[in-house]
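Let me begin by presenting the structure, written as structure tokens, before commenting on it.
Here, each number is a calculation from the coordinates, and none is a lab measurement. Computed from a prediction, not measured in an experiment: that's the story for all the values here. A quick note on method: Cβ atoms are made from the backbone with ideal geometry, for glycine too, and the neighbour counts reach across all protein chains shown.
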Amino acid sequence: MSPAVSLVHNELTKLTAAWLDRGSSAALTVGVVAPLAASMFGYPGRPIAPGILIAGVGLWTLAAVGLHYLARLMIRRLRP
């Protein structure tokens with residue numbers, strides 16, 4: 001395999017890994033930080049039951065960790 005093909009493969013792999021990692025950051029912000037901030041500062045709307053809040057935060061945290069882990073797996077596909 002030529003060095004140019006390996007370089008293209010590596011750049012595409014890094015691009016995909018970065019995309020997955022940005023998705024994990026967005027999931028953490030939207031699914032964890034925003035609901036916690038809304039519940040702490042009293043968002044003017046219908047209150048969220050504590051059980052639903054905890055379950056939602058837990059699921060979004062798992063989603064963020066899963067996406068980050070997938071990004072780490074993608075990086076392992078880099079070629080020398």
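For the Cα atoms of the chain, what angle does the longest principal axis make with the long axis of helix 50-75, in degrees from 0 to 90, nearest 10? Roughly 10 degrees between the two axes.
Semi-axis lengths, largest first, of the ellipsoid equivalent to the chain are 39, 11, 6 Å, with √(5λ) applied to each eigenvalue of the Cα gyration tensor. The angle separating the long axis of helix 3-28 from the principal Cα axis of greatest extent in the chain is about 0 degrees.
From most to least packed by mean Cβ count within 10 Å, the peptides 7-17, 44-54 give 7-17, 44-54.
Using C-alpha pairs under 8 Å with a sequence gap of at least 6, the mean separation divided by the residue count of the chain gives a relative contact order of 56 percent. Over the chain, DSSP H runs of length four or greater, each weighted -39,500 (n - 2.57), average out per residue to a 222 nm ellipticity of -26000 deg cm²/dmol.
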